[in-house]
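Undergrad: Sharing a structure below in structure tokens format, with a few things to ask.
Laboratory data are not the source of any read-out in this text; all were calculated from the coordinates shown. Since this is a predicted model, take the numbers as computed values, not measurements. With ideal geometry, Cβ positions are generated from the backbone for all residues, glycine too; neighbour counts draw on all protein chains shown.
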Amino acid sequence: MQLLLHRAFIPVVMLVGLHTSAALAATTPLTKLQSALEQGQYEQAYALALAQFDTAAGEPAFDFLYARAALETGHYNEAVFALERVLAAKPNHQPSLYLLGLTYNKQKNYSQAATTLNSLLNTPLSDEFRQRVTRALEAIEGNLASLKQELKHRVSLALGHDSNVNSGTTDDRIVIGGLPILLDETSREASDSFARASYRFDGRWQQTQHQAWRANLQISDQRHQDSDQFDRTQLSANLSYIQDIAAFQLHLGAQLGVMSLDSETYQQDAGVFSALRYAINEHWAATVNMSAFNLNNVRDSSLDSRLYTSGLALSRATRNWLLRLSAGYTWQPARTPEGEHFARDYSHFSASVVYRLNDAHRLNAKVQYRDIEHRAAHPFFLQVRDETLHIAHLGWHYQITPDWSLETKLAYYDKDSSLQLYSYDRTEWSLGVHYDF
């Protein structure tokens, strides 16, 4: 529930019954705090409130303003304590009860939020205030209903073009020991069009206010116009547990996956993952994540490996923007001695942005850099590969109706390898339609 539910109301009545008529007649620290709130300068207001806390805490007028500033800046526990101090002195102060209900809602304490607002509805209220409380209560009851179960399905169909479907080199020959060697077509860049159908399921089952189970299933099938040897079907499924602990959220899960290439199973993976997210304030969050997977290549056991990844991300979310910076490191040792030259380690850095133009249109962009180091020399070229990979994504999402949407994506890959054969660039474009139910 958006805080906009209370912003239009509280500035008018916030101090009714909490001070004498002359208390705010002159410019005081309290009036500065109130002015900052009315101007939407919430971080400044919270800083002003903290500066006055030691001398002013316990005064109902100050505690109410402090609670408002704390709520707007994501300090929900502080807001609750301040409002409880107000209500201890003024048990029937309606704006404090209303704000307390909204604060409980932000804490996901929906039962207590509903109880607080229901008790407020049983008191004499103006028509405008009663309507506002009723709307807030309806939103909270919706949150209560979602605690039990939330199921989402998406069916998608996309058409697109891949400039380098086989990740082949742009050159027609490579040089080894000063001798040029011509490459066959399977090693050279080949473009093709494709059609992709996919299904996605997301389920969430809330156990308590702070605990939930989550499941995700994704199936996709991609068919090419000419290069049917690269037709692929992918399936991944994961189950995870989520625990909220104050400003932290712990996420633990397990995942299984399988990919078939040209109608035959190519690769299987299984592993576990974890993430610990810390909400710094209302807008900023930091996340530490780790994962460990076992990769099994059905066709070539020398490609079997293990995948260990750790990373750190910092994100900022506002009404229309989502910014995210992340960095990580991946260890990928081979599982067999003959595959040691495939083993690699790499560091990766990425930045992404999502911009919401309005309710219907959303733009997104992401760039990523990988520095890849292989562990052993290639048995044919007798050289250790060092590679860099640059990736860029652009996307536009158009929500036509609540159920139907369009999405177009553009991706570019540029890989530079110390072994010429493994260098390539690739551009992929697609236009898809989604149906959500």
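Undergrad: Using θ = phi - 60° and the Karplus form 6.51 cos²θ - 1.76 cosθ + 1.60, what ³J(HN,Hα) does each residue of region 227-236 get, whole Hz, x for Gly and Pro?
TA: 8, 5, 5, 9, 4, 9, 10, 10, 9, 9
Undergrad: What residue among 370, 306, 130 shows peak mean-square fluctuation when the chain is described by a Gaussian network model with Cα springs under 10 Å?
TA: Maximum among the listed residues: 130.
Undergrad: Also, I was wondering about something else. Give, rounded to the nearest 20 debye, the magnitude of the charge dipole that the chain has about its Cα centre when Lys and Arg contribute +1 at Cβ and Asp and Glu contribute -1 at Cβ.
TA: 1540 debye
Undergrad: What is the Cα convex hull volume of region 292-437 when expressed per residue in Å³?
TA: On the way: hull volume 21.0 nm³, N = 146.
That works out to 144 Å³ per residue.
Undergrad: Hey, another quick one. Which one, 311, 205, 405, projects farthest toward the positive side of the charge dipole computed for the chain from Cβ point charges (K/R +1, D/E -1)?
TA: 205
Undergrad: Check which residues have an amide H placed less than 5 Å from residue 383's amide H, if you skip close sequence neighbours.
TA: Those lying under 5 Å, H to H, from residue 383 are 378.
Undergrad: What does the helix-only formula give at 222 nm for the chain: each DSSP H stretch with n ≥ 4 adding -39500 (n - 2.57), the total divided by the residues, and the result rounded to the nearest 500 deg cm²/dmol? It would help to have the intermediate numbers written out before the result.
TA: Working: 9 runs with 107 residues, N = 437.
After summing the helix terms and dividing by the residues of the chain, the value is -7500 deg cm²/dmol.
Undergrad: Right, something else. What percent of all Cα-Cα pairs in region 326-405 falls in each 10 Å bin, counting up from 0?
TA: 16, 30, 21, 17, 12, 4
Undergrad: Let me ask something else about it. Can you give the three extents of the C-alpha atoms in region 219-267 along their principal axes, from longest to shortest, in whole Å?
TA: 54, 18, 11
Undergrad: Rounded to whole Å, give me the distance from the Cα center of region 40-70 to that of region 280-346.
TA: 43 Å
Undergrad: For residue 215 and residue 138, calculate 0.36 nm times their separation in residues minus their Cα-Cα distance, and state this gained length in nm to one decimal. Present the calculation step by step, with values, prior to reporting the outcome.
TA: Numbers: separation 77, 0.36 × 77 = 27.72 nm, distance 2.75 nm.
So the extension gain works out to 25.0 nm.
Undergrad: Let me ask something additional. Residue-wise, which Karplus ³J(HN,Hα) couplings in Hz belong to region 347-359, taking 6.51 cos²θ - 1.76 cosθ + 1.60, θ = phi - 60°, and x for glycine or proline?
TA: The phi angles translate into 9, 9, 9, 8, 9, 9, 9, 10, 10, 8, 5, 7, 5 Hz.
Undergrad: Looking at this model, which pairs from 152/415; 32/90; 152/409; 108/152; 108/409; 106/366 are more than 27 angstrom apart at the alpha-carbon? Display every interim value, and only then the final one.
TA: Numbers: 152/415 37 Å; 32/90 23 Å; 152/409 22 Å; 108/152 21 Å; 108/409 35 Å; 106/366 30 Å.
From the list (152/415; 32/90; 152/409; 108/152; 108/409; 106/366), the Cα-Cα distance tops 27 Å for 152/415; 108/409; 106/366.
Undergrad: Working out 0.36 nm times the residue gap between residue 425 and residue 317, then minus their Cα-Cα distance, what length gain in nm do you get to one decimal? Provide the component values of the computation, followed by the final result.
TA: Values: separation 108, 0.36 × 108 = 38.88 nm, distance 3.28 nm.
Full extension of this stretch gives 35.6 nm more.
Undergrad: At 20 °C and 1.002 mPa s, grab the translational diffusion coefficient of region 47-90 from Stokes-Einstein with a Kirkwood Rh over Cα pairs, rounded to a whole number in µm² per second. Could you put the intermediate results ahead of the total?
TA: Working: Rh = 9.9 Å.
The calculation lands on 215 µm²/s.
Undergrad: Two decimals is fine: what's Rg over Rh for the chain, C-alpha atoms, Kirkwood radius as Rh? The partial results should precede the final answer.
TA: Working: Rg = 28.2 Å, Rh = 26.0 Å.
Rounded to two decimals, Rg over Rh is 1.09.
Undergrad: Something else now. What residue among 272, 66, 427 has its Cα farthest toward the positive end of the dipole of the chain, where the charges are +1 on Lys, Arg and -1 on Asp, Glu, each on the Cβ?
TA: Of the listed residues, the answer is 66.
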